[in-house]
Amino acid sequence: MTKRAFPPLIRRTANENWCHWVTSKSAHNEPVHRWFLFPHSFSSQVVDFLLDQWKLRKGSTILDPFVGTGTTLLSSQLKFHNAIGYDLSPLSVFVSNAKTARYSSKINECWKDLDKQLCGKVISGIPCDSEILNRAFGERHWDALQHIQYSISEIRNPKYRSFFELALIRILNTFSKAKPSGGWLRWTENSPCFTQVLPQFRKSVESMLCDVARLTPPKVETCRAYFGDARDLQKPPRSIDAVITSPPYPNRHDYSRIFNIELSFGFLNDVQVQQFRRNSFRSHVEARKDCSGSDFVRPERLKQIIAQVERRSSDRRVARMIEGYFEDMYVHLRAVQNVLAKRAPLAYILGNVRYHGIEIPVDRLCAEIAISLGFTVKQIKAVRYRGNSAQQMGIYGRHPSRESILMMVK
């Protein structure tokens with residue numbers, strides 16, 4: 001096999017805004033995008049820039065196989081492109097579809113009817129069969145949340161029902177005793193009084209309705225997220241013309257834990273959350289699913305890194321996670337290759353990490369894996385540098401890790 005040229009790392013970008021675009025900071029102020037975000041969400045500006053640069057014909061289909069909270073889907077839709085997303089998290093699929101739905105002015109009438117119903121008497125003592133939800137919410141808080149959830153369930157229009165369900169999910173963190181902190185949940189005994197649940201829900205709905213009035217996505221043939229594994233993509237309903245995505249970083253952050261409250265409230269029971277955790281992409285130590293990467297040949301650099309990590313740590317889980325992560329990336333890229341149109345461009349936002357003072361160059365290793373599968377790597381654009389953890393800095397010193405965009409073509 002002819003050896004393919006490896007592109008140089010572009011350390012400085014022509015557009016210095018990239019360092020802000022690959023974070024969720026600006027998305028918190030963007031209509032509809034801000035309805036629900038993950039900590040490592042990227043902004044709509046990333047998608048806008050790439051679509052403009054690629055000069056795709058209007059009506060092309062963009063794929064995000066790690067759909068997250070739907071940034072790629074909504075941004076593509078606003079540029080009159082079709083968009084398809086996949087995710088193993090039912091929360092991600094739900095949020096993405098709620099954001100990209102087109103709502104008519106009739107939703108305001110639906111809200112008036114719902115608001116009247118919410119003024120009714122709250123039934124107390126509603127049982128909760130989730131261990132984590134029982135711990136996260138006081139009894140009066142739970143009753144107030146269930147009153148809202150039951151009232152929403154009476155809405156017949158499924159699209160409107162999802163809109164108000166999302167408005168409710170948005171406020172759970174405000175009243176939960178479990179707060180996301182890094183890759184875990186931090187428990188506290190402090191939360192606002194249960195009498196604030198209904199006012200906060202009304203505030204959430206009103207802000208979303210304001211966004212609907214400001215931003216109506218254009219009608220396209222396809223814009224939808226589906227439940228699916230990025231390592232085993234089913235044949236999409238349309239041929240794929242481009243990919244814009246950000247796989248989970250191998251930083252041990254477990255989204256099934258960070259968003260355990262939201263997942264348990266509306267989607268999964270306790271056993272199903274554990275199953276989701278085990279079957280998710282191997283970016284954290286509790287993910288265990290082996291995804292038929294038997295033909296995966298580990299890059300030499302990856303072998304050296306795993307050996308170094310094993311020598312410095314008695315905890316085999318980290319080395320196993322690193323090895324599993326890149327095997328999963330191989331299986332995923334192989335699956336993507338099968339659904340892409342010829343010469344389709346791809347952009348992957350990736351984050352390098354450090355363990356025991358050893359840098360894991362995720363961007364370069366993923367590029368090497370992509371090349372082995374026949375992709376042409378055009379560029380690795382370094383866009384931002386993140387500090388390592390306080391614990392790592394205390395032992396090994398400060399060594400920021402870069403975030404990059406890996407640009408490829410099939």
For Cα pairs less than 8 Å apart in space and 6+ apart in sequence, what is the mean separation divided by the residue count of the chain, i.e. the relative contact order in percent?
19 percent
Could you tell me the distance between the Cα centroids of the stretch 24-97 and the stretch 314-329, to the nearest Å?
29 Å
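Taking the Cα centre of the chain as the origin, how large is its charge dipole in debye, to the nearest 20, when only Lys and Arg (+1) and Asp and Glu (-1) carry charge on their Cβ atoms?
Working: 60 positive and 38 negative charges, 229 e Å.
The dipole magnitude comes to about 1100 debye.
Can you tell me how much longer the chain between Cys193 and Glu139 gets when fully stretched, taken as 0.36 nm per residue apart minus their C-alpha distance, in nm with one decimal?
Separation in residues times 0.36 nm, less the Cα-Cα distance, equals 18.3 nm.
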Quick one: Thr71, Thr376, Thr100, Thr188, fewest Cβ neighbours within 10 Å first, how do they rank?
Thr188, Thr376, Thr100, Thr71
The chain: angle of helix 106-118 to the longest principal axis, Cα-based, in degrees nearest 10:
60 degrees
Take Asp315, project a point 7 Å from its Cα along the Cβ direction, then tell me which residues of the stretch 344-364 have their backbone nitrogen under 15 Å from it.
354-358
Could you go through the stretch 163-173 in sequence order and give the Karplus-derived ³J(HN,Hα) for each residue, using 6.51 cos²θ - 1.76 cosθ + 1.60 with θ = phi - 60°, rounded to whole Hz, and x for Gly and Pro?
4, 6, 5, 5, 4, 6, 4, 4, 9, 4, 4
Starting from the 7 Å offset along Cα-to-Cβ, what nm value, one decimal, do you get for the label separation of Ile126 and Thr222?
3.8 nm
Listed by chain and number, the residues whose amide H is under 5 Å from that of Arg402, excluding neighbours fewer than 5 places away on the same chain and using placed H, are Asn352, Arg386
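Going by a ≥ b ≥ c, the root eigenvalues of the Cα gyration tensor, does the stretch 68-197 fall in the rounded group (a/c under 1.5), the prolate group (a/b larger than b/c) or the oblate group?
Numbers: a/c = 2.48, a/b = 1.29, b/c = 1.92.
The shape class here is oblate.
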Just grab the label-to-label distance for Arg386 and Thr174, each label 7 Å out from Cα along the Cβ direction, in nm (one decimal).
2.8 nm
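Can you tell me how the stretch 258-379 classifies by the Cα gyration tensor, rounded, prolate or oblate, using a/c under 1.5 as the rounded cut? Please list the in-between numbers first.
Details: a/c = 1.98, a/b = 1.16, b/c = 1.70.
Since a/c reaches 1.5 but b/c is at least a/b, the shape of the stretch 258-379 is classed as oblate.
Using only DSSP helix segments of four residues or longer, with each worth -39500 (n - 2.57), what per-residue ellipticity at 222 nm results for the chain after dividing by its residue count and rounding to 500?
Working: 17 runs with 176 residues, N = 410.
Computed mean residue ellipticity for the chain: -12500 deg cm²/dmol.
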Percent of beta bridges antiparallel (DSSP, the chain, rounded to nearest 5)
60 percent
Using alpha carbons only, how many degrees (0 to 90, rounded to 10) separate the axis of helix 362-372 from the longest principal axis of the chain?
60 degrees
What FRET efficiency comes out for Ala341 versus Glu154 if R0 is 56 angstrom and r is the Cβ-Cβ distance? Round to the nearest 0.05.
0.80
Amide H neighbours of Gly85 under 5 Å, counting only residues 5+ apart in sequence or on other chains, H built in-plane at 1.01 Å?
Asp64, Arg224, Ala225, Tyr226
Suppose each label sits 7 Å from its Cα in the direction of the beta carbon; what would the Trp54-Lys106 distance come out to in nanometres?
3.5 nm
Just report the Cα centroid separation between the stretch 150-203 and the stretch 267-287, whole Å.
22 Å
For Lys79, list the lysines whose Cα falls under 18 Å from its own Cα; do not include residues on the same chain fewer than 8 positions away.
Lys55, Lys58, Lys99, Lys219
So how tilted is helix 316-337 from the main axis of the chain? Cα-based, degrees 0 to 90, rounded to 10.
90 degrees
Using θ = phi - 60° and the Karplus form 6.51 cos²θ - 1.76 cosθ + 1.60, what ³J(HN,Hα) does each residue of the stretch 66-80 get, whole Hz, x for Gly and Pro?
10, 5, x, 10, x, 4, 4, 5, 5, 5, 5, 4, 5, 9, 6
Karplus ³J(HN,Hα) for the stretch 346-360 (6.51 cos²θ - 1.76 cosθ + 1.60, θ = phi - 60°; Hz, whole; x = Gly/Pro) runs 9, 9, 10, 8, 10, x, 6, 9, 10, 9, 6, x, 9, 7, 10
By average C-beta atoms within 10 angstrom, highest first, the peptides 102-109, 191-198, 353-360:
353-360, 191-198, 102-109
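Please compute the net charge surrounding Gln146, taking Lys and Arg as +1 and Asp and Glu as -1 over other residues with Cβ under 15 Å from its Cβ. Let's see the in-between values first.
Details: positive: Lys121, Arg140; negative: Asp129, Glu139, Asp143, Glu154, Glu165.
Summing Lys and Arg as +1 and Asp and Glu as -1 gives -3.
Under the classification rounded if a/c is under 1.5, otherwise prolate if a/b is larger than b/c and oblate if not, where does the stretch 176-279 fall, given a ≥ b ≥ c as square roots of the Cα gyration tensor eigenvalues? List each step's numbers first, then the result.
Numbers: a/c = 2.33, a/b = 1.21, b/c = 1.92.
Oblate, since a/c reaches 1.5 and b/c is not below a/b.
Coordinate-derived values only; no laboratory data. It should be emphasised that the depicted structure is a prediction, and the values quoted were computed from it without experimental measurement. With ideal geometry, Cβ positions are generated from the backbone for all residues, glycine too; neighbour counts draw on all protein chains shown.
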